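This report concerns only the one structure given below.
The values are calculated or read from the model by the stated rules, or taken from the named source; none is laboratory data. Every value quoted in this text rests on a predicted model; they were computed, and no experiment measured them. Cβ atoms come from the backbone with ideal geometry, glycine included; neighbour counts cover every protein chain shown.
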């Protein structure tokens, strides 16, 4: 197959979509002899894809198309022409905000979440309108939709009214060659040197976005935890400033324990595994997630996890995390205190989390995605190779199977991971 993939939404590699795309492409590398991959990449982002340069073709896109409106214009006006010129068999756009209206070839889209339907004021009104109204129409133009969780698949059915047979659930994976327990003491020494975190600490890795990521409540819960216990534990935030970040920074400044709250900024991929290994507890109290990759990566590194069940998080963390009500400061405070004060509980969650994380693998995600490309081609009557078999070692069931119990199409109603 001649496969085109747009990467113009990676935002210099500092978003969850970027991590999804990088990991998926690494999974595709072992299939690059069988298929031809063409990546459309903004000029200044080209170095981010050096790992794929020898196996995949890069088509540079001028930097003037980086701003959101010009970026959308490029997808609708320029990309279709390039697809035809390159004679691509299928085009994959891994972000719902960049979906195409023209159909230069079979179209595949990945929808990570429909957060604008769940969280009021998540974005400014223009982006909220685009996400709620325009994308609904664009989604109906796609041949196949990949949902990264059963929860997102149900949202697509409910909010976009798309037929279930066009939706395939393919969970994100974990790069197990990078995320594994490793040497904890060595990681702690490195993180202490780099960030000055020399005492036990809670870690939250997510962009600093208010209110969706719920940093403000976590800060309030941390204040209550410190006040009630007199603990010397610290709280570390890893992530870039995003919409509403000023609210989070203000909450930190106003905290009586501000000296024990560290903002690490964007954490490069190469440093993430050691950060997870060094953390004593990973906390993920997000109000809504289409998947939630950080908690499963933390689990893979042996770090015990506190998480909400909002959105898809329940199906991702399963029974391997300490669960909180993300809208209850008291609930978060109780879990912080429970894990900080109980070594045995942390060890239990560490073991359970490692086992849970083993169920997710990007190699499987890559194979399942290639099979979706084949189905998109077959919708247009083209002869395609037989679908690839997925290694049985990766198979498991999860609450995503709730999607398959909904009445509707047989194929789209299956949880494929």
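Key figures for this structure:
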quantity	calculated
Of residues in the stretch 1-33 being assigned to a loop (DSSP other than H, G, I, E, B) and in contact with a helix residue (DSSP H, G or I) (Cβ under 9 Å, 6 or more places away or on another chain), the one farthest from residue 295 (Cα to Cα)	1
Residue in the stretch 370-381 that is modelled with pLDDT of 80 or more, in contact with a helix residue (DSSP H, G or I) (Cβ under 7 Å, 6 or more places away or on another chain) and not in a loop (DSSP other than H, G, I, E, B) present	yes
Residue identified as surrounded by fewer than 23 Cβ atoms within 10 Å (Cβ to Cβ), closer than 29 Å to residue 355 by Cβ, within 15 Å of the chain's Cα centre (by Cα) and in contact (Cβ under 8 Å) with a residue 40 or more places away in the chain among 280, 269, 274	269
Selection count where residues are at negative phi and either surrounded by fewer than 23 Cβ atoms within 10 Å (Cβ to Cβ) or part of a helix (DSSP H, G or I) (or both), scope the stretch 311-325	9
Scope the stretch 179-224; condition buried (at least 22 other Cβ atoms within 10 Å of the Cβ) and over 28 Å from residue 18 (Cβ atoms); matching residues	221, 222
Yes/no for residue 264 being touching a helix residue (DSSP H, G or I) at 6+ places or on another chain (Cβ under 7 Å) and surrounded by 23 or more Cβ atoms within 10 Å (Cβ to Cβ)	no
Condition broken by residue 341, with the remaining ones in (1) in contact (Cβ under 8 Å) with a residue 40 or more places away in the chain; (2) surrounded by fewer than 19 Cβ atoms within 10 Å (Cβ to Cβ); (3) in contact with a helix residue (DSSP H, G or I) (Cβ under 7 Å, 6 or more places away or on another chain) satisfied	(3)
Unique residue being out of contact with any strand residue (DSSP E or B) (no Cβ under 8 Å at 6 or more places or on another chain) and over 30 Å from residue 111 (Cα atoms) when the list is 136, 193, 178, 164	193
Number of positions in the stretch 229-254 that are out of contact with any strand residue (DSSP E or B) (no Cβ under 6 Å at 6 or more places or on another chain), on the phi < 0 side of the Ramachandran plot and surrounded by fewer than 19 Cβ atoms within 10 Å (Cβ to Cβ)	11
Criterion: closer than 19 Å to residue 7 by Cβ, within 19 Å of the chain's Cα centre (by Cα) and modelled with pLDDT under 95 - qualifying residue of 138, 99	99
Single residue of 220, 231 found to be more than 29 Å from residue 10 (Cβ to Cβ), in a loop (DSSP other than H, G, I, E, B) and in contact (Cβ under 8 Å) with a residue 12 or more places away in the chain	231
Condition met for residue 346 (assigned to a helix (DSSP H, G or I), surrounded by fewer than 21 Cβ atoms within 10 Å (Cβ to Cβ) and free of Cβ contacts under 8 Å to residues at least 12 places away in the same chain)	no
